[in-house]
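Read the figures in this text as sums done on the coordinates, not as results from a lab. Only a predicted model underlies this, so the values are computations on that prediction, with no experimental measurement involved. FYI the Cβ positions are ideal-geometry reconstructions off the backbone, even for glycines, and counts take in every protein chain you see.
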């Protein structure tokens, strides 16, 4: 008994010592992480969207940025829909997860006016190397509210129609530079075959996915999501109006008749891979895709023709979008965040990237700076699409996208009110189901009308 | 036996309620853990109840932030007039019932198979359990990209090989696709419960039935099935509790939509998933909690009756 007793005390003592050591070790590792992160190696966290140009910059950051500044960049790469949720949640709740987030012209003016992200104007203007005046005005304005710049553009885009010149020629078809939707639909149905679909149109739910492509069609078919009061506030949901139904039926029918396989799951990236694999002959999407199609490592390089976004009742219909970097108000390290943003979206990165990215000069981030279009190597590599991209961006009808007045802040493929994110997401789920054929257009429209009118109440 | 335990055994039983009795002294160290659990689960719940009576919205949801107001039971009234909530309820019911019944059926069949001795039983058992060990997100991704995909999915490759056209499984049959993944994941769980049931069956009774010349189907129907009843109930109830909260598979595979948005996913859409209407989302969540408590009460009753039977045996 005596022996056992002392034994257990000794055991307890060892256990106690072990516990103390373990706790101490954990505590010191926390302290080390905190101080080590702060003093020696600075680290910032950045959330970006998973598109090819962003993946390029993530690869180039260690050699081109961290080496020079000593600032390590931790990337969180997410698909469009998820990025929006994460950034909206983080920015809105004042979370400290990110020093810089990638947002667009839908979010930047709204978050900026609500004071949720930092005003970049003074930093951008005083930073000589950044060259504020070099930004393309349409893009700069889209990211500003009342003259204050809230996000710095990484790339800018409009939407247009890309097509395989060789396939159309074989079928004896010539597309005009400004085609109508009816003509495009006719061509798509004609060239559609079992091995190659006529056209790739976004069908994946999400306001920035199916919502973006569809809203440009809706605009030019004379429809709108909401009517506007004279003070710019949304008045009534217009989803139950005939023009909306015509647009939805046109879009869904075209995809069903001559669209890509499994359209209800396809968006930019899916269409891109199908087009590159030769499974679709035409593709209506972001102009930024052209850089990937004409990149030096692209299987369809040199085979592509480009036309302006198809139209119907309005003259120009292409959207305007830019993925841009902003600093949340709650960013732990705004100075380092700006150093990073100025590098990533500055003119030097574009010049440095051209010779380093896999796709060559054609695949550098386009549509943000006038100077990009003066780089001789870029002009040569992007000959077939640089001009039309710039023209499409200039023509994007952001203040008058349709036939009637729109509520909220300016926008083409979205409505500039906070409620649109949720309404767009949920309604495009319904429209996506219409494309898949699992529900009727009338059912989808009446449910969507319900969502849209409840949201603005 | 240690000295403390020996001393404890000599105490009269009635003193256990005295807060200074040794039983309570032994429980005392658990108190911090209990308080911690209460703090991190019950306090947030109380806050949600409070939110459910307000019109709380995210700051990003209005250009001019509105003050949060008390709105009484408006949020609750709205639930019953909201067709999407009804749709989500219906989807939840279909999804849960289908997934539970199918996984229970398949699980029972596997359990009967594993109840026999054969070469490589250990290996087969491990393989059959594997789906349950996978993270739900991973399982859903594997099914979405490698099985269902119309571009590079195994199922469509097989269909094409047999001369059929490709099927866009997830777009055309969202509910069936999700149920398939849920069944695949939950079959091992059901199988383990049913296997435990089968192995707790007294061998002498089965032997007696055999000697009396009963057919093997007769034995299964008359003896095994009644014995398994409680295990079936347990499996169904535990399965329902877990599957009713299915979220991962829906988020990964369809991201919601008609036919695949169940109640938890709808609550997510209303709140941090894009709607950012925390007030009404809290009300939805609380209704869900009430339903879950009802199901859980049934589950606990079945569990306790199971143990009571065990005691009697």
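Going 7 Å from the Cα of residue B:93 along its beta-carbon direction, which residues of segment B:241-272 have the amide nitrogen within less than 17 Å of the resulting point?
Under 17 Å, as judged by backbone N against the label point of residue B:93, lie B:241, B:244-245, B:259-264 of segment B:241-272.
Is the shape of the protein assembly as shown best called rounded, prolate or oblate, per the rule: a/c under 1.5 gives rounded, else a/b larger than b/c gives prolate, else oblate, with a ≥ b ≥ c the square roots of the Cα gyration tensor eigenvalues? Mind showing how you got there, number by number?
Details: a/c = 1.93, a/b = 1.51, b/c = 1.27.
Because a/c hits 1.5 or more and a/b exceeds b/c, the protein assembly as shown counts as prolate.
Efficiency by 1/(1 + (r/R0)^6): what FRET value for residue B:242 and residue B:211, r their Cβ-Cβ distance, R0 = 45 Å, to the nearest 0.05?
For residue B:242 and residue B:211, the calculated efficiency is 0.60.
Between segment A:258-324 and segment A:394-449, what's the alpha-carbon centroid distance in Å?
Centre-to-centre (Cα) distance: 20 Å.
Starting from the Cα coordinates of segment A:251-303, work out the convex hull volume and express it per residue in Å³.
Details: hull volume 4.1 nm³, N = 53.
Cα convex hull per residue, to the nearest whole number: 76 Å³.
Report the relative contact order of chain B, percent, no decimals, based on alpha-carbon pairs under 8 angstrom and at least 6 residues apart.
Relative CO of chain B lands at 27 percent.
Which percentage, to the nearest 5, of the DSSP beta bridges contained in the protein assembly as shown is antiparallel? List each step's numbers first, then the result.
Details: 26 of 41 bridges.
Bridges in the protein assembly as shown are about 65 percent antiparallel.
Using alpha carbons only, how many degrees (0 to 90, rounded to 10) separate the axis of helix A:210-220 from the longest principal axis of chain A?
Helix A:210-220 sits roughly 30 degrees off the main axis of chain A.
If one takes the longest principal axis of the Cα atoms in chain A, at what angle in degrees, from 0 to 90 and to the nearest 10, does the Cα axis of helix A:80-93 lie?
Tilt of helix A:80-93: around 50 degrees.
Rounded, prolate or oblate: which fits segment B:83-312 when a ≥ b ≥ c are the square roots of the eigenvalues of the alpha-carbon gyration tensor, with rounded for a/c under 1.5 and prolate only if a/b beats b/c?
Values: a/c = 2.71, a/b = 1.40, b/c = 1.93.
It comes out oblate by the Cα gyration axes.
Would you mind classifying chain A by shape? Square roots of the alpha carbon gyration tensor eigenvalues, ordered a ≥ b ≥ c; an a/c under 1.5 is rounded, otherwise it is prolate if a/b is larger than b/c and oblate if not.
prolate
By how many degrees, 0 to 90 and rounded to 10, does the Cα axis of helix A:334-344 deviate from the longest principal axis of chain A?
It works out to around 40 degrees.
Between B:87, B:185, B:146, find the one with the highest GNM mean-square fluctuation for chain B; connect C-alpha pairs within less than 10 Å.
It is B:146.
Could you let me know the centre-to-centre spacing of segment B:240-313 and segment B:107-183, using Cα atoms, in angstrom?
So the two Cα centres are separated by 24 Å.
So if I take the centroid of the Cα atoms in segment A:352-393 and the same for segment A:139-165, what is the distance between those two points in Å?
Centre-to-centre distance over Cα atoms comes out at 15 Å.
If you restrict to DSSP beta bridges whose two residues both lie in chain A, what percentage is antiparallel, to the nearest 5?
That works out to approximately 60 percent antiparallel.
Just from its helices, what would the mean residue ellipticity at 222 nm be for chain B, if runs of 4 or more DSSP H residues each count -39500 (n - 2.57) and the sum is divided by every residue, rounded to the nearest 500 deg cm²/dmol?
Computed ellipticity for chain B at 222 nm equals -21000 deg cm²/dmol.
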